[in-house]
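Undergrad: Have a look at this one.
The values are calculated or read from the model by the stated rules, or taken from the named source; none is laboratory data. Remember, it's a predicted structure, so these values are computed and weren't measured experimentally. Cβ placement follows ideal geometry from the backbone for every residue including glycine, while neighbour counts extend to all protein chains displayed. Note: accessible area is taken over every heavy atom of the protein model, side chains too, but ligands, DNA and RNA are not part of it. Shrake-Rupley method; radii C 1.70, N 1.55, O 1.52, S 1.80 Å.
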Amino acid sequence: MDKPTRNLPQPTPETQHFWDGTQAEQLLLQRCTKCTHTYFPPRPFCPSCSSRSVEVYAASGRATLASYVINQRPHPAFDGPYAIALVDLEEGPRMMTNIVECEQTPEALQLDMPLEVRFEQVSEDIKLPLFAPTRVAPAGDASVGETK
Amino acid sequence: MTGVVVVGAAETTELGKIPHLSQQQLHADAALNAMADAGLTAKDIDGIATAGERPTDLAYYLGITPTWVDGTSVGGCSFMLHVRHAVAAIASGQCTTVLITHGESGRSGVGRSGYPRAPASLAGQFEVPFGPMGPPTMFTLPVLRYMKDYGMTHEQLAMVAVVQREWASMNPRASFQDEISVADVLNSKMIAYPFHLLECCLVTDGGGALILTKADRAADFPQPPVHILGTGESVETPMISQMDDLTSSRAFKVAGSFAMHDAGITHADVDHLMVYDAFAHLPIYGLEDLGFCKKGEAADFIWEQNTAPGGSLPMNTNGGGLSYMHSGMYGMYALQESVRQIRGNAPAQVKDANVSLCLGVGGMFGASGCIVFGKESK
Ligand SMILES: [Zn+2]
């Protein structure tokens with residue numbers, strides 16, 4: 001919270017659940033109960049089959065690095081060059097994010113590397129979902145949601 | 001064929017840095033030049049389309065009483081969509097003579113309206129917080145994916161800029177005319193890895209305008225008619241993160257295939273190609289999504305000089321957004337170059353340019369419009 005200079009999202013009635021979810025350190029997606037399509041960003045209907053019958057569920061938080069750029073121009077919320085990234089969530093949808101706990105270099109940022117979600121408090125009301133390289137965990141460890 | 005022709009086409013008198021004209025006057029300057037080109041005045045125009053400014057503002061400012069108005073605004077390819085909508089309006093009798101204008105004080109910012117992304121919009125919520133700083137950090141986002149999936153090298157991406165500078169070196173109105181090498185591109189300032197300065201478009205002031213009417217009136221005008229053979233348009237997403245496929249534009253595919261089918265042409269019929277190049281990867285996506293190259297082969301196609309002067313498929317012959325000019329909504333300048341090539345008066349004129357295909361992009365792979373022009377009505 002020492003760098004309060006990101007442009008903050010302003011939730012709408014259709015997206016409020018997502019931002020309530022990140023506050024509770026959960027990455028919430030929506031899924032159509034008719035055709036099973038999982039989608040993002042949030043909306044109260046299925047963009048695949050137009051059904052209004054959709055449900056919210058917690059994603060695993062696991063993703064892979066789909067693509068990125070490393071911005072060289074100074075941004076008040078970042079120290080030095082930083083990656084703006086696209087990640088493919090395990091459940092299918094893609095989202096924009098930043099990669100944390102990782103050097104912001106082409107050498108460190110390898111496409112398709114496994115990632116897991118982190119939540120960063122950027123204002124009183126908003127935690128942003130960011131992603132970090134997956135920690136090498138003991139076999140069978142399923143505690144990827146633990147991010148503190 | 002659509003039965004509609006371009007009878008007036010012009011850019012602003014000056015291009016580049018025009019701090020002494022407001023954005024609205026850039027529209028008007030181009031419009032007046034296009035009317036002079038067609039031998040018309042505002043009283044002869046009964047349809048108006050524009051983006052960036054409201055058609056109400058322009059019609060009033062220029063003294064036009066329209067029976068048909070189009071303010072479609074989907075970014076830099078809006079003018080391709082205006083051409084397409086004007087074709088339908090003229091063919092159905094809603095108007096006879098359409099003026100399409102563009103003007104943008106992209107560099108000087110005189111009287112320019114902004115494009116804020118509201119914090120409650122989807123992009124404002126799900127992209128802006130992660131620090132993108134304009135098109136150089138967003139339009140470029142899919143490219144590392146393309147490079148990994150199809151083996152494109154940094155040198156190949158740089159070659160796009162090199163080839164377009166070759167074209168620009170033949171164009172006295174181009175902002176940059178000195179030839180450059182792949183090494184020059186790769187040694188230019190890094191803007192957003194993997195993109196260097198010379199792989200990003202210019203930021204300039206300028207404008208352009210087109211006048212369209214029915215083909216059967218073409219003989220009444222001083223310029224040789226440029227026939228509109230086919231048109232296409234589509235939109236995909238306002239968020240680069242939500243493209244269907246990071247290595248392909250759905251809107252390019254939909255607009256391009258519709259336009260080619262509408263025109264009744266095959267790839268072999270196309271003598272001249274314009275692909276809106278805000279950044280160096282756009283011609284690569286365009287060549288593949290239009291079907292001129294197989295998936296993954298466009299970078300080699302450009303590397304082997306096929307789109308360069310003397311090549312089999314001359315592309316972006318004005319120097320493009322990378323070297324000619326780019327005010328923000330570049331689509332109008334791509335259309336102008338297609339018209340010049342078909343008229344036969346382009347600075348870097350392609351021999352026997354009978355069919356020109358012009359593909360535009362709007363937003364960041366958000367929209368597309370495609371126009372096929374021809375010397376004959378086909
Ligand atoms: Zn569904």
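Undergrad: With every protein chain present, what is the per residue accessible area of segment A:16-133 (1.4 Å probe, Å²)?
TA: 41 Å²
Undergrad: Here's a follow-up. Pairing the Cα long axis of helix B:23-38 with the longest principal axis of chain B, what angle in degrees results, from 0 to 90 and rounded to the nearest 10?
TA: Between helix and principal axis, roughly 60 degrees.
Undergrad: Considering only DSSP beta bridges with both partners in the protein assembly as shown, what is the antiparallel share in %, to the nearest 5?
TA: Here the share of antiparallel DSSP bridges comes out near 85 percent.
Undergrad: Something else now. Could you list which residues have their amide H under 5 Å from that of B:V74, counting only those 5 or more apart in sequence or on another chain, with H placed in the peptide plane?
TA: Answer set, sorted by chain and number: none.
Undergrad: Around B:E236, under 13 Å between beta carbons, what's the net of Lys plus Arg minus Asp minus Glu among the other residues?
TA: Combined, the nearby Lys, Arg, Asp and Glu give -2.
Undergrad: Just report the Cα centroid separation between segment B:11-26 and segment B:49-110, whole Å.
TA: 18 Å
Undergrad: Now a separate question. Determine the shielding of peptide A:9-18 by partner chains: average, over its residues, the number of Cβ atoms on other chains within 10 angstrom of each Cβ.
TA: Mean shielding count: 3.
Undergrad: Using the heavy atoms of the protein chains and a 1.4 angstrom probe, tell me the accessible area per residue for chain B in square angstrom.
TA: 33 Å²
Undergrad: Got the relative contact order for chain B handy, in percent, Cα pairs under 8 Å and 6 or more residues apart?
TA: In percent, rounded to a whole number, it is 26.
Undergrad: Can you tell me which of A:107-114, B:361-368 comes out highest on packing, and rank the rest after it, using the mean Cβ neighbours within 10 Å?
TA: Going by the mean number of other Cβ atoms within 10 Å, highest first, we get B:361-368, A:107-114.
Undergrad: What pairs from B:K17/B:K189; B:K294/B:K351; B:K214/B:K294; B:K43/B:K214 go past 28 Å between their alpha carbons?
TA: B:K214/B:K294
Undergrad: A:L130's amide H: which non-local residues (gap 5+, or another chain) put their own amide H closer than 5 Å, with H modeled 1.01 Å from N in plane and none for Pro or chain starts?
TA: A:R118, A:F119, A:E120
Undergrad: Another question, if that's okay. Which residue, B:L212, B:L359, B:L186, tops the fluctuation ranking in a GNM of chain B built on C-alpha contacts under 10 Å?
TA: Maximum among the listed residues: B:L186.
Undergrad: Let me ask you something else. Can you pull the mean other chain C-beta count within 10 Å for peptide A:33-42?
TA: 2
Undergrad: Calculate one ³J(HN,Hα) per residue across segment B:141-147 by plugging θ = phi - 60° into the Karplus curve 6.51 cos²θ - 1.76 cosθ + 1.60, and present them in order as whole Hz with x for glycine and proline.
TA: Working through the residues one at a time gives 4, x, 5, 4, 4, 4, 4 Hz.
Undergrad: Could you work out the mean count of beta carbons from other protein chains within 10 Å of each residue's beta carbon in B:130-141?
TA: 6
Undergrad: Pull up all non-local amide H partners of B:V275: gap of 5 or more, or a different chain, and H-to-H distance under 5 Å with H placed in the peptide plane.
TA: Amide H neighbours of B:V275: B:N316, B:L359.
Undergrad: At 222 nm, what value in deg cm²/dmol follows for chain A if DSSP H runs of at least 4 each add -39500 (n - 2.57) and the sum is divided by all its residues, to the nearest 500?
TA: -1500 deg cm²/dmol
Undergrad: Let me check I have the definition right: for segment B:224-353, take the eigenvalues of the Cα gyration tensor, multiply each by 5, take square roots. What are those semi-axes in whole Å, largest first?
TA: Rounded to whole Å, the semi-axes are 22, 17, 16.
Undergrad: Helix-only mean residue ellipticity at 222 nm, chain B, DSSP H runs n ≥ 4 weighted -39,500 (n - 2.57), per residue, nearest 500. What is it?
TA: Rounded to the nearest 500, the figure is -9000 deg cm²/dmol.
Undergrad: Using per-residue counts of other Cβ atoms within 10 Å, averaged over each peptide, order A:129-135, B:325-331 from highest down.
TA: Output ranking for A:129-135, B:325-331: B:325-331, A:129-135.
Undergrad: Given a 1.4 Å probe and no ligands, DNA or RNA in the count, how much accessible surface is buried by B and A, both sides, to the nearest 100 Å²?
TA: Roughly 3100 Å² of accessible surface disappears when B and A pair.
Undergrad: Next question, about the same structure. Can you pull the percent of Cα pairs in chain A with separation above 25 Å?
TA: Tail fraction, whole percent: 32.
Undergrad: Another question, then. Considering the Cα positions of the protein assembly as shown, please state its Rg to one decimal place and its Dmax as a whole number of Å.
TA: Considering the protein assembly as shown through its Cα atoms, Rg and Dmax are 23.9, 81 Å.
Undergrad: Quick one: pull the percent of accessible area on chain B belonging to carbon and sulfur, 1.4 Å probe, ligands and nucleic acids left out.
TA: Ligands and nucleic acids excluded, carbon and sulfur reach 54 percent.
Undergrad: Could you work out, for chain B, what percent of all Cα-Cα pairs fall into each 20 Å distance bin, beginning at 0 Å and stopping at the bin that holds the largest distance?
TA: For chain B, the binned pair fractions read 32, 60, 8 percent.
Undergrad: Report the local net charge at B:A59: Lys and Arg +1, Asp and Glu -1, summed over other residues whose C-beta lies under 15 Å from its C-beta.
TA: -3
Undergrad: Continuing with the same structure: When chain B is modelled as a GNM with alpha-carbon springs shorter than 10 Å, which of B:A120, B:A28, B:A88 fluctuates the most?
TA: Ranking B:A120, B:A28, B:A88 by mean-square fluctuation puts B:A120 first.
Undergrad: Tally Lys/Arg at +1 and Asp/Glu at -1 over every other residue whose Cβ is under 12 Å from the Cβ of B:V185; what's the total?
TA: Counting the neighbours of B:V185, the net charge comes to -2.
Undergrad: Here's something else I'd like to know. Take peptides A:20-32, B:270-282 and line them up by average Cβ neighbours within 10 Å, highest first, as a rough protection proxy.
TA: Most protected by this proxy first, the peptides run B:270-282, A:20-32.
Undergrad: To continue, here is another question. Contact order normalised by length for segment A:16-133, with contacts defined as Cα pairs under 8 Å and 6 or more residues apart; what percent is it?
TA: So the answer I get is 23 percent.
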